[in-house]
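Let me begin by presenting the structure, written as structure tokens, before commenting on it.
The values are calculated or read from the model by the stated rules, or taken from the named source; none is laboratory data. Note that the coordinates shown come from a computational prediction; the quantities given were computed from them, not determined experimentally. Neighbour counts run over all protein chains shown; Cβ positions are idealised from the backbone, glycine included. Only protein heavy atoms, including side chains, enter the accessible area calculation; ligands, DNA and RNA are left aside. Shrake-Rupley method; radii C 1.70, N 1.55, O 1.52, S 1.80 Å.
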Amino acid sequence: MRREFFAGSNFSGRSAALLALLQSAGVPAFFVGPYAEAALSGLSSSVADELAIYRGDPSQPRPPFDALPIGSMLDRKPQSLSGGEQVLLALHSFAQSPFDTIAVDTALEQLDDVNRVTALAYLGCGAFNVALIDNRVVPPGWEIRSGTSPGRPFSIDWPALTSAITPQRAQAMTVRGLGFAYPNGRQIFDGASVALKPATAHRLSGANGAGKTTLLKILVGALAPAAGEVTLAGAAYRPWREGNRALALATQNPDQQWCGATLGEDMERRRAALRLRGDTNAINDARVAEFARALGIASLDQHLYELPLAARKRVSWLWPLIGAHPWVMLDEPTIGQDNPTRESLAHLLQHMCASGHGVIFVTHDDDFAAMLPHRRLHIENCRISSL
Amino acid sequence: MTPNGAVAFAIIMVIAAIASGAHGLVPLYVALLLFAAIEVGQASLIALRRAALIMLPLAAFMLIVWVGVVGRGPQDIAAGLAGSRASALAYVSTVAARLFLIVCLVQLVAFRFARETPLSFVRALRVPMAVKRLVVLTLSLVETLRHSVDRAHTALLAAGIITRGLSVRNLTNGWILMQTVWLTAITTVTARVRDKWPIELTVARLDPALAGGSNPLSAGDVGWLAAAAFAGLASQIASFHAA
């Protein structure tokens, strides 16, 4: 059985090389892409159905993959699972499927440490063919391949980006007695409290599905808590009622945050929303263009969905970086990003903290977190603790 | 009751509802209530509430258009009569009652088989594989659209373009939400069709997953089909006499 690792930096053509390899094999292979659209089948309305679609011949068993409590999740909708849970579900599906080959394109970067080790050990067990792309580890003993057809580069001008960051005065934010459960009854927070300090980077950690992204959604007002309060500079802050006026969010999957088809349209709509609030800190066209150029995008007419995934991820940082809000929140910012980019981003966020921004980031990337001085906030058993 | 029986029951009821007049709806509602009480039980109340939530805005819209704005029913217009708001109200009431019955019926059948997954429900149907595939693909598109609404809603809320509650901002920016939902749905499906499905031949995996089917009809099914046929016949007779 072959175990192939596709090495290289972003835009080196490694994803294209992986797909070409699978297509040239002439037999179907299981594919776990970087985001949900290419991780799950898209044909099921429940976890039970997702497993049923991929179930193969039980007389030809394969080593089981049991990192997820599947028995308690059968009724849940696959698309409502967290990013990491979706990847684990995909691996579960593969484990009982008849496919001889699995290809994983940076998807393991969404897993927490325990699940990541489990997944890598499973993929390396030698019972089936594996093709893997990952920015965080090169599994020992695997055959190394590299991309052969470099695509369009989207190089970031880090010095320009750093110098364009404007000072902010983020205000202290507190969460007290937070309670939240999803409509299916799954309790995420129960009496959770945390204090977020200005000019500081905070890392939200926790197992896949613990509620990291849920907390971010509550803080930007996309979800309303059942109990508890949030304060900003000591005053009550209810973004779920009054709208978000403090935090700029970059989502884990960049495609979950676009508000328009082109970068210019997306930015204009966000700026119009700020103007409606009477925000006089106008972000003009020149500033948007300056940040876009620094992130490797030449024109604001660039269609967001036509960019490669790694480039879309970088563009998703534009709104948090541009200074629209004093607090920035980045959900798994380094997924799909190569080592130089991760390192430079860590330095940039450190610079933002020094400039008065408050930073909250979610990541399972310990190497990235180690490059950025931060307070670690851990979510476990519906509570948030400071480590 | 089997999925095949439930689908056949629903088809007879829907055809009868479409073909009947206002008076003919009474026996169909009797059959519907019996089905709700015997087959679904307490969850029927949720089905009724959901059907009402779906139908009320539509009924309100029809009232505004036909009773408020036009002032006479479409049958009056077709016959060249002056008509009245009363006849327009009768028309709107009949259409709304008919649609409510159909929506409620679909909800009740869904609740009757709530313990089955959509895939196992479709698998149990005695229909050609192509039809089963079509139903699953349609359901998956519905699921994608629902998920796209959630994603787009979150994106626009975080950007402050819309609000969670009622607001003028939502009225003026509602179209952005619709556009974002469509963009999200289209790109989701495109990514799936471009990357995942050709490598796995994912859609072909449906065939073994959907193969097989239960016996076409159980004794209970036959009883319900007879009840639906009787209600349909009574409905046509009542409609004929009323006419």
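So here's what we get for this one:
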item: Sequence-distant residues sharing a close amide H with A:Arg3 (under 5 Å, placed H); result: A:Val130, A:Glu143
item: Rounded percent of accessible protein surface that carbon and sulfur make up, the range B:127-213, 1.4 Å probe; result: 73
item: Only Lys, Arg (+1) and Asp, Glu (-1) charged, at Cβ; the range B:127-213 dipole about Cα centre in debye; result: 100
item: Residue (of B:Gln236, B:Thr188, B:Ile176) at the positive-pole extreme of the range B:165-243, dipole from beta-carbon charges; result: B:Ile176
item: Dipole magnitude of the protein assembly as shown, debye to nearest 20 (Cβ charges: Lys/Arg +1, Asp/Glu -1, about Cα centre); result: 1260
item: Globularity ratio of the range B:1-160, using Cα Rg and 2.2 N^0.38 Å; result: 1.27
item: Net charge of Cβ neighbours under 15 Å - reference B:Pro118; Lys, Arg +1; Asp, Glu -1; result: +3
item: For chain A, the longest site-free run once trypsin sites (Lys or Arg not before Pro) in DSSP loop states with at most 12 other Cβ atoms within 10 Å are removed; result: A:170-387
item: Accessible area (Å², per residue) of the range B:127-213, counting only protein heavy atoms and a probe of 1.4 Å; result: 48
item: Backbone HN-Hα couplings from phi across the range B:236-243 [Karplus 6.51/-1.76/1.60, Hz, Gly and Pro as x]; result: 5, 5, 4, 5, 5, 5, 5, 6
item: Calculated from backbone phi, Karplus (6.51, -1.76, 1.60) coupling profile of the range A:169-184 in Hz, x at Gly/Pro; result: 10, 5, 9, 4, 10, 10, 10, 10, x, 5, x, 7, 9, 6, x, 6
item: Amide hydrogen neighbours beyond the local backbone of A:Arg375, cut-off 5 Å, H modeled; result: A:Ala201, A:His202, A:Arg203
item: Average Cα contact separation per residue, chain B, under 8 Å, 6 or more apart, as relative contact order %; result: 39
item: Residues with amide H under 5 Å from that of A:Leu330, placed H, sequence gap 5 or more; result: A:Ala250, A:Ile360, A:Phe361, A:Val362
item: Positive-end residue, the protein assembly as shown charge dipole about Cα centroid, Cβ charges, pick of A:Ile102, B:Tyr29, B:Gly80; result: B:Gly80
item: Among the listed pairs A:Lys77/A:Lys313; B:Lys132/B:Lys196; A:Lys212/B:Lys132; A:Lys212/B:Lys196, those beyond 30 Å (Cα-Cα); result: A:Lys212/B:Lys132
item: Relative contact order for the range B:127-213, counting Cα pairs under 8 Å that sit 6 or more residues apart, in percent; result: 37
item: Percent RCO, i.e. relative contact order, over chain A, from Cα pairs under 8 Å lying at least 6 residues apart; result: 21
item: Solvent-accessible area, 1.4 Å probe, carbon plus sulfur percent, for the range A:213-346; result: 48
item: Environment charge at B:Gln42 (Cβ cut-off 15 Å; Lys +1, Arg +1, Asp -1, Glu -1); result: +3
item: Evaluated at q = 0.11, 0.16 Å⁻¹: base-10 log I(q)/I(0), Debye formula over Cα of the range B:127-213; result: -0.45, -0.73
item: Cα convex hull of the protein assembly as shown - mean projected area over all directions, nm²; result: 32.0
item: Net charge dipole size for chain B [Lys, Arg +1 and Asp, Glu -1 on Cβ; Debye, nearest 20]; result: 440
item: 13 Å beta-carbon shell around A:Gly356, net charge (K/R +1, D/E -1); result: +2
item: Accessible surface buried once B binds A (1.4 Å probe; total of both sides; Å²); result: 4100
item: Gain in span if fully extended, B:Ser218 to B:Ile18, counting 0.36 nm per residue against the direct Cα distance; result: 69.3 nm
item: CD proxy at 222 nm, helix term only [per DSSP H run n ≥ 4: -39500 (n - 2.57); per residue of the protein assembly as shown; nearest 500]; result: -14500 deg cm²/dmol
item: Heavy-atom accessible area per residue - the range A:208-343, 1.4 Å, Å²; result: 32
